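Take a look at the structure set out below.
The values are calculated or read from the model by the stated rules, or taken from the named source; none is laboratory data. For clarity, every value in this text was computed on a predicted model and none was experimentally measured. In this analysis, Cβ positions are derived from the backbone assuming ideal geometry, glycine residues included, and neighbour counts consider all displayed protein chains. With ligands, DNA and RNA removed, areas are computed over all heavy atoms of the protein, side chains included. Shrake-Rupley method; radii C 1.70, N 1.55, O 1.52, S 1.80 Å.
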Amino acid sequence: MSLNHLAILTPGFADGENDTTCIPALQDFILGLRRRRPELRISIFAQRYPGHRHPYLWHDMWVHPAGGGTARLPASLAGGLRTLAAMHRAAGRHGRIDVVHAFWLGECAALARLYGRLTGARQVVTLMGQEVRHRDRYRRLLGRPGMVSVAVSPWQRARLCETGGPDADLVIPWGVTPWVAPATAAVRDVDLLSVGSLTAVKDPLAFVRVVAGVARHRPGLKARMIGDGPLLAEVRAAAAAAGISDRLDLPGALPRPLALDAMTRARILLHTADFESFCMAMVEARARGATVLSRPVGIAADLSDPGFVTVTDEAELITTACRILEEPPSAPSLPCPLERTLDDHLRLYDV
């Protein structure tokens, strides 16, 4: 099939070209598709975020927000209808939509299925997060004729099967671009770095405890936690109680370029989440020469790269971090290149 018009359905998307923190993996992917296939028409439909309903250009591609916000059923049905209407108008203006690709197994996948049934467009859904941990009404979309399901890591795919499936059709990890090292060697002046939302699933309090444990063995330890979220106040309190407030920098959420720059200065990206479908921060940090130390979740659970180290409990995180900090810094590596991600998707779209 010749691919001329691709529709992307996502709960949220960047509200302008300066918004670098809204699903950066998806932003990189779409920009990569545009670079590889400049003639391909890409239309983006955002169901929940931004909260307005005004179409706008993002890198010369139209984004159509439905403005759904936090509305729940039945109020959210209006947003779905707006998206379907916007897809119909986009097809009228720019040609038939050949493939509709939904991200997250949720309302976007249901809209992709409905649009595909109405128009004959092929449907793809990428499982992005915790939707594989539980069964809900959207799980029945998997395995339907014309709907191809994609997991972003073997570990995520296994969790899907553990909760009753159906199995994903294939695995396509997210990809990152190679890091161009500066002419002068990067100064690795941050021992332990965390990048991510401060939510329960990310377990930022475990990061604080590990920093405190490592600090007992390394008095000059420097740690940094980039991110914001509902647990920020608890993180600050835990750091103060552990006596490490002067060793743990909490700058809050940072624009993506600054977060990536922080990775070039880190010895270890310490990731304490108890669940990850993929974790873009891990592969971004490895591309910049940081060692990734985490629980066996997401893409870290399946890579043979020696720069990925997985352990199961906090005591092991502490002892392993101490060991890594005694060793020479690891060299950058690119276990998940963006070009391979693009190749795999273009083969899928062109079937």
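Scanning segment 252-284 for residues that are in contact (Cβ under 8 Å) with a residue 60 or more places away in the chain, closer than 22 Å to ASP19 by Cβ and part of a helix (DSSP H, G or I) gives ARG256, PRO257, ALA259, ALA262, MET263, MET280, ALA281, VAL283, GLU284. Note on segment 216-242: among residues that are out of contact with any strand residue (DSSP E or B) (no Cβ under 8 Å at 6 or more places or on another chain) and open to solvent by less than 70 Å² (accessible area, probe 1.4 Å), the one that is nearest to ALA281 (Cα to Cα) is GLY229. A single member of VAL148, VAL176, VAL132, VAL171 is free of Cβ contacts under 8 Å to residues at least 60 places away in the same chain, closer than 28 Å to VAL283 by Cα, β-branched (Val, Ile, Thr) and in contact with a helix residue (DSSP H, G or I) (Cβ under 8 Å, 6 or more places away or on another chain), and it is VAL171.
Okay, residues lined up against (1) within 16 Å of TYR349 (Cα to Cα); (2) modelled with pLDDT of 95 or more; (3) of a type in the set (A, V, I, L, M, F, W, C); (4) surrounded by fewer than 18 Cβ atoms within 10 Å (Cβ to Cβ):
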residue: PRO65; (1), (2), (3), (4): no, yes, no, no
residue: PRO74; (1), (2), (3), (4): no, no, no, yes
residue: ALA85; (1), (2), (3), (4): no, yes, yes, yes
residue: VAL100; (1), (2), (3), (4): yes, yes, yes, no
residue: PHE103; (1), (2), (3), (4): yes, yes, yes, no
residue: LEU111; (1), (2), (3), (4): no, yes, yes, no
residue: MET128; (1), (2), (3), (4): no, yes, yes, no
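Annotation: of all residues in segment 186-204 being more than 14 Å from ASP261 (Cα to Cα), in a loop (DSSP other than H, G, I, E, B) and not aliphatic (A, V, I, L, M), the one that is most open to solvent (accessible area, probe 1.4 Å) is SER197. Of all the numbered requirements in (1) touching a residue at least 40 places away in the same chain (Cβ under 8 Å); (2) surrounded by 14 or more Cβ atoms within 10 Å (Cβ to Cβ), GLY80 misses one, and that requirement is (1).
Show me the strands (runs of 3 or more DSSP E) found entirely inside segment 36-90 where at least 3 residues are under 19 Å from GLY116 (Cα atoms). Talk me through it step by step, then tell me what you get.
Details: elements: 41-49, 56-58, 61-65.
In segment 36-90, the matching strands (runs of 3 or more DSSP E) lie at 41-49.
Give the residue that is nearest to ASP28 (Cα to Cα), with candidates limited to residues of segment 297-351 that are acidic (Asp, Glu) and open to solvent by 60 Å² or more (accessible area, probe 1.4 Å). Quick ask: steps written out before the conclusion?
Of the residues in segment 297-351, the ones acidic (Asp, Glu) are 302, 305, 313-314, 316, 326-327, 339, 343-344, 350.
Among the residues that remain, those that are also open to solvent by 60 Å² or more (accessible area, probe 1.4 Å) are: 302, 313, 316, 326-327, 339.
Numbers: ASP302: 23, ASP313: 33, GLU316: 34, GLU326: 35, GLU327: 33, GLU339: 11 Å.
Within segment 297-351, the match that is nearest to ASP28 (Cα to Cα) is GLU339.
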